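The values are calculated or read from the model by the stated rules, or taken from the named source; none is laboratory data. Owing to the predicted nature of the structure, the values given are computational and were not obtained by experimental measurement. Using ideal geometry, Cβ is built from the backbone for each residue, glycine included, and neighbour counts are taken over all protein chains shown. Accessible surface areas use protein heavy atoms only, side chains included; no ligands, DNA or RNA. Shrake-Rupley method; radii C 1.70, N 1.55, O 1.52, S 1.80 Å.
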Amino acid sequence: MPARSRNHAATEDLEDSPRIDPVAAVLAKLDTTDWNGIEAALDARGCAVIPALLQPAGCRALAALYDSESLFRSRVVMSRHGFGQGEYQYFAYPLPGLIAALRSALYPRLVPIANRWNQVMATDTRYPKTHEAFIERCHAAGQRRPTPLMLQYHQDDYNCLHQDLYGEHVFPIQVAILLSQPGRDFTGGEFVLTEQRPRMQSRAEVVPLEQGDAVAFAVSHRPVQGTRGPYRVNLRHGVSRVRSGVRHTVGIIFHDAL
């Protein structure tokens, strides 16, 4: 075997080794992430990329869960509801270990941003420090259905611009992680965010992602600093048309649904 092939095979074996704990790897990655930079990007553009949050082996393992029907509570075919083309499934409780870990570990790092945004927008809601406490708030209001989901797109599939609002209690930031590799597994299928500003035309942001990258973004509203002080903008997100191949994404939404 040529040296380059041997090295590639060794890398694959290392990635797929059962000795590597994907949850521990994610927690370690989050500990070394530049959260000041994430906050600055969210403030400036309404979205921020966390590069290589998941390793390729973890991405493949998560994408393989899509065919395990017992892990999901419901399946949505987008074309039946005018949401676009493609489909997604909501995970059931108990969530898979890595999904649960991502939800619990990302939330407290985003809470200071969420609370500051609400303060700037003169919104009374404040969020507790732990995700467990926030979920208790959701469940007390009848929002008991888990919302983390996995999306699957084939050629010509797309996701219309939308907001993931499922009840009274909404955490204002969510995270999506690309599980497929652009250019190898699929082409097209860019993550798109639009921002509707008062008395101005909407602004679009296309976010390039690689396999394992996560994008944190505003669910529906965020504050923007204007010349006369802060004002509120409305955001929607979607996915452009997949031109070839298959694209898988996992979405980490922090509030549960009615």
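Could you go through the range 205-218 and let me know if any residue there is surrounded by fewer than 16 Cβ atoms within 10 Å (Cβ to Cβ), assigned to a loop (DSSP other than H, G, I, E, B) and either at positive phi or without any contact (Cβ under 8 Å) to a residue 12 or more places away in the chain (or both). Looking through the range 205-218, none of the residues is surrounded by fewer than 16 Cβ atoms within 10 Å (Cβ to Cβ), assigned to a loop (DSSP other than H, G, I, E, B) and either at positive phi or without any contact (Cβ under 8 Å) to a residue 12 or more places away in the chain (or both).
Looking at D43, D31, which is the one that is among the acidic types (D, E), under 29 Å from H221 (Cβ atoms) and at pLDDT 95 or above?
Values: D31 fails: under 29 Å from H221 (Cβ atoms).
Step by step, each of D43, D31 is checked, and only D43 is among the acidic types (D, E), under 29 Å from H221 (Cβ atoms) and at pLDDT 95 or above.
Please tell me if T11 is modelled with pLDDT under 95, open to solvent by 60 Å² or more (accessible area, probe 1.4 Å) and of a type in the set (S, T, N, Q). Yes, satisfied.
What are the residues in the range 127-156 that are in contact with a helix residue (DSSP H, G or I) (Cβ under 8 Å, 6 or more places away or on another chain) and either surrounded by 15 or more Cβ atoms within 10 Å (Cβ to Cβ) or of a type in the set (G, A, S) (or both), if any? Give the derivation first.
Residues of the range 127-156 that are in contact with a helix residue (DSSP H, G or I) (Cβ under 8 Å, 6 or more places away or on another chain), as a first pass: 127-132, 134, 144, 148, 150, 152.
Y127, P128, H131, F134, P148, M150, Q152, listed by residue number.
Among the residues making up the range 157-196, those that are surrounded by 21 or more Cβ atoms within 10 Å (Cβ to Cβ), in contact with a Gly (Cβ under 9 Å, 6 or more places away or on another chain) and β-branched (V, I, T) are V175, I177.
In the range 119-141, the residues that are closer than 16 Å to E168 by Cα form Cβ pairs under 7 Å with partners that are surrounded by fewer than 14 Cβ atoms within 10 Å (Cβ to Cβ), at six or more places apart or across chains, as follows: A141/E168.
For A114, state whether it is part of a helix (DSSP H, G or I) and crowded, with 18+ Cβ neighbours inside 10 Å. Yes.
In the range 56-70, how many are touching a residue at least 40 places away in the same chain (Cβ under 8 Å) and closer than 19 Å to R103 by Cβ?
Applying the first criterion (touching a residue at least 40 places away in the same chain (Cβ under 8 Å)) to the range 56-70 yields 56-60, 62-63, 65-66.
Of the ones still in play, those that are also closer than 19 Å to R103 by Cβ are 58-59, 62-63, 65-66.
Within the range 56-70, residues that are touching a residue at least 40 places away in the same chain (Cβ under 8 Å) and closer than 19 Å to R103 by Cβ number 6.
Of the residues R126, R109, which is part of a helix (DSSP H, G or I), closer than 28 Å to V224 by Cα and of a type in the set (K, R)? Spell out the reasoning first.
Numbers: R126 fails: part of a helix (DSSP H, G or I).
Among R126, R109, only R109 is part of a helix (DSSP H, G or I), closer than 28 Å to V224 by Cα and of a type in the set (K, R).
Only residues that are open to solvent by 50 Å² or more (accessible area, probe 1.4 Å) and assigned to a helix (DSSP H, G or I) were counted in the range 42-70, giving 9. From the set of residues in the range 71-83 that are without any contact (Cβ under 8 Å) to a residue 12 or more places away in the chain and either closer than 17 Å to Y93 by Cα or assigned to a helix (DSSP H, G or I) (or both), which is most open to solvent (accessible area, probe 1.4 Å)? Ranking the qualifying residues of the range 71-83, first place goes to R80.
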